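Accompanying notes for the structure given below.
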Amino acid sequence: MAFQKYHGDVEKGPESGESYHTEEGAVPGESFESGNTMYAKIQRLAGKLHVEQRGIERVPEDERHDTSYLNVGTMWLSCNMVVSSFAIGLLAQALFGLGFTDACLVCFFFNLLGVAPVCYFSTFGPRFGLRQMVLSRFWFGYHGVKLIAVFNVLACLGWSSINVIVGAELIHAVNNDVPGYAGIIIIAVCTLLITFFGYNIVHTYEFWSWIPTSIVFLITLGVFAHSGAFVVIPMGAGISELGACLSFGSVIYGFATGWASYAADYTVYQPPTQSRTKIFFCVWTGLMIPLLFCEMLGIALMTATTIDNGNNRYMAGYEHSKTGGILAAVLFPPLGGFGKFCLVVLALSIVANNCPNIYSVGLTMQVLGRWTQRVPRFVWTTVGTAVYIAVAIPGYEHFEVVLENFMNFIGYWLAIYEGVALSDHFLYKRSMRAYNPAHYDQPEKLPPGIAAVFAFCCGIAGMVVGMSQVWFIGPVAKHAGELPFGGDVAFELGFSCAFGSYAVARYFELKYFGR
């Protein structure tokens, strides 16, 4: 594997011998070796254990030794070649009543839309050596980005909760004596063991973990194709079809674009000489291949639940244990014990999907303030793991509703975030040369953030009028599909309102503040 060793184990951070900037100016630090503070003691222990100590501090160019484009692509390939992606495909028929053809078309086009910002933001990492939330200070300001950080923490923990529920369903399908909470704890602890050590170990794990899950998914495809249970559900038409496609598209978009808020986190150790075009398309390939394959496989398998023969094992499996149940219905009868082994492999694939979430939640917490930055990343990683376990256990019994609502939330807020970021980058900065990475921790040299927060609020307004949820249907959504649910166009309106309002507000902010 072409992955070079990370050399930044002993990190210069808030307590190092190097000064760092805060709201009050430059503050002298204290070296890990000589410091007697709790922070210094914890970091010294981390260094002995080879735990990555770097937090949100900029990665110096002489420490960016990861030159492998394969690391970039396989990172996202492993994260998405997982059973969570498959579970998204099941929703096409289960929640929205779509057939195979129309669901696959929605899957393709909305994934194209969703992955584009992730690919683009990934190219910022090698150029600046800054994490995604820190980069966001150049758009939202030093203080304004804290609003985004709160949303990102919720997203990271929410993703992790959703994912471990899916994995726990698979473990329960293999052995009904294993309760949901046990499966959740097993997967969460495995994830923590990897993310605790940091960037190097995460990338090493993700380099290989896609292989066994890909093999199992191919076996699943082969067994299902041989079974003859695939049903061609006719494509719908009219306003009800429009609403279903838009709503399912919102879910697809939310899953695909969900990595945008920490895309640069996984390219910061790439040197600035790396080709931005190659980085973009490595991420694009790593995302599109598993997303399309897994989601379309889920769409195909779910058609088998529509067979009305009085003894539909696919529907019975789905009703018993959702994702795990339908996979068990495909694999267990023909493969027996080996089918159960395949399900265990897919359950453990959740670890690959959760690693970026739990690694990034620690970094995001450090953006919230000086005191959070003084807590090492790996401590926040541990706290985050405890929190999402506590959320996932009660959510296990209500997975479908939790999944749909959470996926829409992800798509909504990230579309608004992307609207602000892309508006600033393409309309005002227009070039990578317009960024001065040395200003990342100097509030007086960053934008005030007023325009960004205002645009974010405008994006929320657009989101509200376009959202279609069980508990609220916006006035625009009512006309985008058949009542009572209409069609969900919240992320489209959220992005448009945020992009346009920022373009106007930023002009006046620059005129008044000059930065």
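Before moving on, here are some points about what is shown:
- Test: residue in segment 204-218 that is assigned to a helix (DSSP H, G or I) and within 16 Å of the chain's Cα centre (by Cα): yes
- The numbered conditions (1) over 29 Å from T273 (Cβ atoms); (2) out of contact with any Leu (no Cβ under 9 Å at 6 or more places or on another chain); (3) open to solvent by 20 Å² or more (accessible area, probe 1.4 Å) are all true for T67 except (1).
- Elements of type helices (runs of 4 or more DSSP H) in segment 349-413, at least 1 residues being modelled with pLDDT of 90 or more and open to solvent by less than 30 Å² (accessible area, probe 1.4 Å): 350-365, 377-395
- Filter result (closer than 17 Å to G254 by Cβ and open to solvent by less than 50 Å² (accessible area, probe 1.4 Å)) within segment 494-515: G494, A498
- Filtered by the rule that a residue be out of contact with any Lys or Arg (no Cβ under 7 Å at 6 or more places or on another chain), over 18 Å from W159 (Cα atoms) and assigned to a helix (DSSP H, G or I), segment 170-192 gives I171, H172, A173, A182.
- Counted residues, segment 265-287 - those being open to solvent by 10 Å² or more (accessible area, probe 1.4 Å) and either in a helix (DSSP H, G or I) or among the hydrophobic types (A, V, I, L, M, F, W, C) (or both): 8
- When residues in segment 270-326 are screened for being of a type in the set (A, V, I, L, M, F, W, C) and within 19 Å of H226 (Cβ to Cβ), 10 of them pass.
- Filter result (within 15 Å of V391 (Cα to Cα), among the small types (G, A, S) and either crowded, with 17+ Cβ neighbours inside 10 Å or within 21 Å of the chain's Cα centre (by Cα) (or both)) within segment 168-186: A168, G180, G183
- Of everything listed in (1) more than 17 Å from the chain's Cα centre (by Cα); (2) more than 21 Å from G411 (Cα to Cα); (3) touching a residue at least 40 places away in the same chain (Cβ under 8 Å), the single unmet condition for F109 is (2).
- Residues in segment 473-493 that are surrounded by fewer than 23 Cβ atoms within 10 Å (Cβ to Cβ) and either acidic (D, E) or assigned to a helix (DSSP H, G or I) (or both): P475, V476, K478, E482, E492.
- Selected residue (only one of D62, D102 is without any contact (Cβ under 8 Å) to a residue 60 or more places away in the chain and more than 15 Å from the chain's Cα centre (by Cα)): D62
- Residues within segment 434-450 that are within 26 Å of the chain's Cα centre (by Cα) and either in the same structural domain as Y142 (by the TED database) or open to solvent by less than 10 Å² (accessible area, probe 1.4 Å) (or both), tallied: 1
- Of the helices (runs of 4 or more DSSP H) contained entirely in segment 7-99, those carrying at least 2 residues that are of a type in the set (K, R) and either at pLDDT 90 or above or not assigned by the TED database to the domain that holds I211 (or both) fall at 38-48.
- Residue count for segment 116-160, restricted to those that are more than 26 Å from L77 (Cβ to Cβ) and outside any helix (DSSP H, G or I): 4.
- Checked against (1) open to solvent by 10 Å² or more (accessible area, probe 1.4 Å); (2) over 15 Å from the mean Cα position of the chain (by Cα); (3) closer than 27 Å to A503 by Cβ, V150 passes all but condition (2).
Residue-wise test of (1) open to solvent by 10 Å² or more (accessible area, probe 1.4 Å); (2) in contact with a Ser or Thr (Cβ under 6 Å, 6 or more places away or on another chain); (3) touching a residue at least 40 places away in the same chain (Cβ under 8 Å); (4) at negative phi.
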| position | (1), (2), (3), (4) |
| --- | --- |
| I194 | yes, no, yes, yes |
| T213 | no, yes, yes, yes |
| F217 | no, no, yes, yes |
| V223 | yes, no, yes, yes |
| I239 | yes, no, yes, yes |
| C245 | yes, no, yes, yes |
| G249 | no, no, yes, yes |
| G258 | no, no, yes, yes |
| A263 | no, yes, yes, yes |
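- Where F426 falls short, out of the listed (1) among the hydrophobic types (A, V, I, L, M, F, W, C); (2) touching an Asp or Glu at 6+ places or on another chain (Cβ under 8 Å); (3) open to solvent by 50 Å² or more (accessible area, probe 1.4 Å): (2)
- Subset of segment 74-101 [surrounded by fewer than 22 Cβ atoms within 10 Å (Cβ to Cβ) and not hydroxyl-bearing (S, T, Y)]: A94, L95, G97, G99, F100
- Top-ranked residue in segment 414-423 [being out of contact with any Asp or Glu (no Cβ under 8 Å at 6 or more places or on another chain) and buried (at least 21 other Cβ atoms within 10 Å of the Cβ); ranked as modelled with the lowest pLDDT]: L414
The values are calculated or read from the model by the stated rules, or taken from the named source; none is laboratory data. Just so you know, these numbers come straight off a predicted model, no measurement behind them. Ideal geometry is used to build each Cβ from the backbone, glycine not excepted, and the neighbour counts take in all protein chains shown. These accessible areas exclude ligands, DNA and RNA; they are computed on the full protein's heavy atoms, side chains included. Shrake-Rupley method; radii C 1.70, N 1.55, O 1.52, S 1.80 Å.
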